[in-house]
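Undergrad: Take a look at this one; I'll ask things after.
The values are calculated or read from the model by the stated rules, or taken from the named source; none is laboratory data. Small disclaimer: the values here were computed from a predicted structure and weren't measured. Neighbour counts are summed over all protein chains in view; Cβ atoms, including those assigned to glycine, are modelled from backbone coordinates with ideal geometry. Areas reflect the complete protein model, heavy atoms only, side chains present, ligands, DNA and RNA absent. Shrake-Rupley method; radii C 1.70, N 1.55, O 1.52, S 1.80 Å.
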Amino acid sequence: MDEPIQKMEKDCSAIVDAQFPEIDAHAKTGNLTKAFEQLLVLEKQTRSSADLASSTRVLKRFIQLTFEANDWKLMQEYIVLLSKKHGQLKQAITRMIQESMECLDKTPDMKTKLELIDTLRTVTDGKVYLEVERARVTHILAKIKEDEGNVNEAADIMQDLQVETFGSMEKREKTEFILEQMRLCLLKRDYVRANIISKKINIRYFKETEVQDLKLRYYDLMIEYSLHENEYLNVCKHYRQIYDTPVVKEDPAQAKKAVENAVLFVVLAPFDNEQSDLINRVHLEAEEVDTPIYRDLLKCFITPELMRWSMIEQIYGPTLGQNQALSGADEASKKRLKELHSRVVEHNIRVIAKYYTRITTKRLTQLLDLPDKECEEFLSKLVVSKTIYAKIDRPAGIVSFAKSKHPNEVLNEWSQDINALLGLIEKTCHLITKEEIIHSITKVI
C-alpha cells in the first residue's frame with residue numbers, strides 16, 4: 001500500500017549539493033567516520049523536512065560510500081539503522097534497498113553475499129511497500145541454495161512468499177515467481193504442493209502474445225506433474241495447449257512434436273466420454289501436421305475394427321520407439337508401453353461387444369490374442385468401469401454382451417411388434433382390395 005503523500009516542508013537540495021563534495025572528500029581521504037557523521041546530520045535534516053528527493057540521495061549515498069570503502073558490515077548496519085529511523089519516507093527506504101540489491105553481484109565472496117541477503121530479507125520482512133524487493137532477494141537466495149544442491153531448502157524459502165497477493169508486482173514477474181515455485185516443488189518431488197501452486201496462475205493470462213514463453217514453461221511443468229500422476233488425458237490437453245501457441249505453430253518441428261505427443265497420450269488415456277470426444281479433436285489437429293504414422297494410429301482407435309497387437313508393433317513400433325515417453329529405460333516408460341497394449345485390447349473388446357451378442361471364450365481369446373485368464377481380467381475391468389455390459393458363463397464357455405431385459409420391457413417390445421404387424425396386415429389387405437376393384441372395373445370395360 002502506498003503511503004499518503006507527505007507535504008515537503010523545506011527543499012534541502014541546495015544543502016545536499018553543498019555538503020556532498022565535502023563528504024566525498026572525507027571519504028576519499030579515509031576519514032569515513034567524519035563522512036558518515038556529516039551524512040547522518042544531513043539525513044536528519046532531509047527526513048525532518050520530508051524532502052523525498054534529497055532524502056533518497058542521502059540514503060543512497062550511505063550505500064555508495066560503504067560499497068566504495070568495501071565495508072560490507074558497515075553497509076548492513078546502516079541499512080538496518082536507516083530503515084528504522086522515525087518518520088523515514090517509505091519511497092526513500094525503497095530506493096535505498098534497491099541500491100543495496102545492485103551491490104549483491106559485486107560482493108567479494110559468497111559469505112558476504114549471504115549476509116547482505118539476510119540483512120535485506122530482515123529489513124523487508126513484513127513491509128508491504130518492500131514486498132517486491134523481498135521477493136527478488138528471496139529468489140536470489142533460493143537460486144544460491146539450489147546451486148549448492150539444497151533443493152529442499154530452496155523450495156521452502158520460495159514457498160514462504162505468497163506473491164499472488166502482491167499488488168505492486170507486475171503480472172509477468174509474479175507469474176515467473178510462481179512458475180519457479182512450481183519447478184522447485186517438482187524437483188523436491190512435492191507433487192501435491194506443486195498442483196496447489198499451479199492453481200494460482202490464471203491460464204487466461206497466457207492468451208497474451210508477449211507471454212508465450214511463460215505459457216510453454218507452465219505447460220511443461222504441468223506435463224511433468226500429470227505424467228507422475230498418470231493423468232494421460234491431462235497430458236494430452238497440455239500438449240494441445242502447447243500446439244495452440246503461435247510460436248510453436250510457426251516452427252514445424254515443435255508443432256509436429258506437440259501433436260505427436262498429444263496423439264500418443266490421448267490413445268493411452270482410459271476410454272470415457274471425454275476421451276472419445278478429445279480423440280476426434282486431436283485427429284483433426286493431426287491432419288494439419290505431417291505425422292502420417294501417428295495419424296494412422298489414431299485412426300485405428302477411432303475406426304470400430306479389430307487391431308492385432310502384433311501388427312501394431314510391426315507397423316508403429318519403430319516410430320513410437322523414438323518417442324521419449326516410450327523409449328526410456330525407466331519403469332514409467334515400460335508402464336506406458338504396457339498401457340498401450342491394454343488400450344488396444346480394450347478397444348478390441350468394445351468392438352466385439354458392438355458386433356456380437358454372444359461369443360465363445362475360445363473365439364474371444366483368438367480375436368484378442370490373449371489367454372483365457374487375461375481375457376477375463378480385461379472383460380471384468382471394462383464391466384466394472386461400465387464401459388460395456390457382459391456376463392461370463394464359465395461352464396458353457398460363453399460370454400454374453402446382450403443385456404437382460406425386464407419383463408415389462410420384453411412385453412412392451414412384443415406389443416409394439418404386434419401393432420407393427422397388424423398395421424402391415426391392414427395395409428396389405430387395403431392394397432389387395434384396391435387391386436381387386438381395379439381388376440373388376442377393367443374386366444367390365
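Undergrad: Whole angstrom only: what separates the Cα centroid of the range 362-386 from the Cα centroid of the range 258-296?
TA: 25 Å
Undergrad: Please give the FRET efficiency for residue 299 paired with residue 86, using the beta carbon to beta carbon distance and R0 = 56 Å, rounded to the nearest 0.05.
TA: Once the sixth-power term is evaluated, E becomes 0.15.
Undergrad: GNM, the chain, Cα, under 10 Å: largest mean-square fluctuation among 79, 432, 352?
TA: Checking each option, the largest mean-square fluctuation is seen for 432.
Undergrad: Taking the chain as a Gaussian network, Cα atoms linked when under 10 Å apart, which of 103, 375, 429 shows the biggest mean-square fluctuation?
TA: Maximum fluctuation in the GNM of the chain, among the listed residues, is at 429.
Undergrad: Percent of accessible area on the range 170-244 owned by carbon and sulfur, 1.4 Å probe?
TA: Its accessible area is 47 percent carbon and sulfur atoms.
Undergrad: Could you look at the range 260-372 and say what percent of its accessible area is carbon and sulfur, using a 1.4 Å probe and all protein chains?
TA: 50 percent
Undergrad: Report the residue, chosen from 222, 75, 311, that carries the largest GNM mean-square fluctuation when the chain is represented by alpha-carbon nodes joined by springs under 10 Å.
TA: In this elastic network of the chain, the residue with the biggest mean-square fluctuation among 222, 75, 311 is 311.
Undergrad: From the phi of every residue in the range 332-347, what ³J(HN,Hα) in whole Hz does the Karplus formula 6.51 cos²θ - 1.76 cosθ + 1.60 yield, where θ is phi - 60° and glycine or proline is x?
TA: Rounded to whole hertz, the list is 4, 5, 5, 5, 5, 5, 5, 5, 4, 4, 4, 5, 5, 5, 4, 4.
Undergrad: So if we plug the beta-carbon distance of residue 356 and residue 334 into 1/(1 + (r/R0)^6) with R0 = 25 Å, what FRET efficiency do we get, rounded to 0.05?
TA: Working from the Cβ atoms, E equals 0.15.
Undergrad: Using θ = phi - 60° and the Karplus curve 6.51 cos²θ - 1.76 cosθ + 1.60, what whole-Hz ³J(HN,Hα) does each residue of the range 130-147 get, with Gly and Pro shown as x?
TA: 10, 5, 5, 5, 5, 4, 5, 5, 5, 4, 4, 5, 5, 4, 4, 5, 5, 4
Undergrad: Right, next: Among 236, 78, 223, which residue has its Cα furthest toward the positive end of the charge dipole of the chain, with +1 on Lys/Arg Cβ and -1 on Asp/Glu Cβ?
TA: It is 236, whose Cα lies furthest towards the positive end.
Undergrad: Heavy-atom accessible area per residue, the chain, 1.4 Å probe: how many Å²?
TA: 57 Å²
Undergrad: Please turn the phi angles of the range 191-199 into ³J(HN,Hα) values with the Karplus equation 6.51 cos²θ - 1.76 cosθ + 1.60 (θ = phi - 60°), one per residue in order, whole Hz, x for glycine and proline.
TA: Once θ is set to phi - 60°, the couplings for the range 191-199 become 6, 5, 5, 4, 5, 5, 5, 4, 6 Hz.
Undergrad: Using R₀ = 51 Å, calculate the FRET efficiency as 1/(1 + (r/R₀)^6) where r is the Cβ-Cβ separation of residue 44 and residue 213; round to 0.05.
TA: So the FRET efficiency works out to roughly 0.60.
Undergrad: Please give, to one decimal in nm, the separation of the simple spin-label points placed at residue 313 and residue 419, each 7 Å out from Cα toward the Cβ.
TA: Modelled inter-label distance: 5.5 nm.
Undergrad: With the full set of protein chains in place, find how many percent of the accessible area of the range 1-104 is carbon and sulfur; take the probe as 1.4 Å.
TA: That fraction is 53 percent.
Undergrad: Further question: Quick one: helix 90-102 against the long Cα principal axis of the chain, what's the angle to the nearest 10°, folded into 0 to 90?
TA: The angle comes out near 80 degrees.
Undergrad: Charges at C-beta only: +1 for Lys and Arg, -1 for Asp and Glu. How large is the resulting dipole of the range 394-436 about its Cα centre, in Debye rounded to 20?
TA: Dipole magnitude for the range 394-436 comes out near 360 debye.
Undergrad: Now for a separate question. If each of residue 280 and residue 437 carries a label point 7 Å out from its Cα toward its Cβ, how far apart are those two points in nm?
TA: If labels sit at residue 280 and residue 437, their model points lie 4.9 nm apart.
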